[in-house]
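Notes for the one structure printed next.
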Amino acid sequence: MRALGIDPVHDTRRTFDGLLEAMSRPGTVHAVPAPADHAVVATLVDHEVTLATDDETVRAALSDQGRLQRAPFGEADIVHAREHLDWDVQDCRRGSLTEPSDGATVVYRVETLDDDAGDGTTLSLSGPGVDGTAMLSVALPETELSALAAAQSDYPRGVDAIFATEDRVAALPRSVTLEVV
């Protein structure tokens, strides 16, 4: 059964592989099935993972499959955010010192994403998986990316962020240090 137009075997495997590469090499951009934000959600969410989203298409598709466990964004395992954010990423679950993996994963749907200086807000990245420093340009307001940097500033606590365009993803695990350039 295809949730969100995503093949449950082939597309989710390709998406998982892309996410693994993106998380392992923060700031790099990887191709995944389109639409990328739906592919990421379909890959990560099952009946045990809570989700907060304002996307009715996502909610209906996952609910039809018995995979939707809704939660408020401040309590959700996965937060799916489209362009306009009505909440502060710093209010997402950030885990604890003993269980940092309890932090949320935020999936941002963005218009543009570039692994260099581009049309969006540019981030400078350093930390595990980054060779020296890397640049990532994301079409999100500087205020949102500054809030994300603050949410990740208490390592090992923090949130993991995944940015998704139509058919590409980049990821910033909570272990990465980011600065808005």
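The values are calculated or read from the model by the stated rules, or taken from the named source; none is laboratory data. Predicted, not measured: the structure shown is a model, and the values here were computed from it. Reconstructed Cβ throughout: ideal geometry from the backbone, glycine too, with neighbour counts over all protein chains shown. Each accessible area value is taken on the protein alone, full model and side chains, heavy atoms only, with ligands, DNA and RNA left out. Shrake-Rupley method; radii C 1.70, N 1.55, O 1.52, S 1.80 Å.
Counting only strands (runs of 3 or more DSSP E) wholly contained in region 130-181, the ones carrying 2 or more residues that are closer than 14 Å to Ser101 by Cα occupy 160-164. Return the only residue of Leu85, Leu97 being surrounded by fewer than 16 Cβ atoms within 10 Å (Cβ to Cβ) and either small (Gly, Ala, Ser) or assigned to a loop (DSSP other than H, G, I, E, B) (or both). Within the list Leu85, Leu97, the selection yields Leu97.
Only one of the numbered conditions (1) modelled with pLDDT of 95 or more; (2) touching a Leu at 6+ places or on another chain (Cβ under 9 Å); (3) closer than 20 Å to Thr12 by Cα is violated by Val138, and that is (3). When Ser126 is tested against (1) surrounded by 15 or more Cβ atoms within 10 Å (Cβ to Cβ); (2) hydroxyl-bearing (Ser, Thr, Tyr); (3) over 17 Å from Arg25 (Cα atoms), exactly one condition is not met: (3). Please go through region 72-82 and give me each residue that is open to solvent by 20 Å² or more (accessible area, probe 1.4 Å) and farther than 13 Å from Ala151 by Cα, ordered by number. Once the filter is applied, which keeps residues that are open to solvent by 20 Å² or more (accessible area, probe 1.4 Å) and farther than 13 Å from Ala151 by Cα, region 72-82 yields Pro72, Phe73, Glu75, Asp77, Arg82. Across region 156-178, the number of residues qualifying as farther than 22 Å from Asp131 by Cβ and surrounded by fewer than 21 Cβ atoms within 10 Å (Cβ to Cβ) comes to 3. Report yes if Arg13 is touching a Pro at 6+ places or on another chain (Cβ under 8 Å) and free of Cβ contacts under 8 Å to residues at least 12 places away in the same chain, otherwise no. When the stated conditions are applied, Arg13 does not pass them. In region 115-129 there is at least one residue matching the filter, namely being assigned to a loop (DSSP other than H, G, I, E, B) and under 16 Å from the mean Cα position of the chain (by Cα). Look through region 100-123, keep the residues that are open to solvent by 50 Å² or more (accessible area, probe 1.4 Å) and in contact with an Asp or Glu (Cβ under 9 Å, 6 or more places away or on another chain), and return whichever of them is nearest to Val45 (Cα to Cα). Result: Asp102.
Screening region 10-36 for residues that are among the hydrophobic types (A, V, I, L, M, F, W, C) and in a helix (DSSP H, G or I) and picking the one that is most open to solvent (accessible area, probe 1.4 Å) gives Phe16. Scanning region 141-151 turns up no residue that is under 25 Å from Asp17 (Cβ atoms), open to solvent by 10 Å² or more (accessible area, probe 1.4 Å) and not basic (Lys, Arg).
Within region 37-58, being crowded, with 17+ Cβ neighbours inside 10 Å and assigned to a helix (DSSP H, G or I) holds for Asp37, His38, Ala39, Val40, Val41, Ala42, Thr43, Leu44, Val58.
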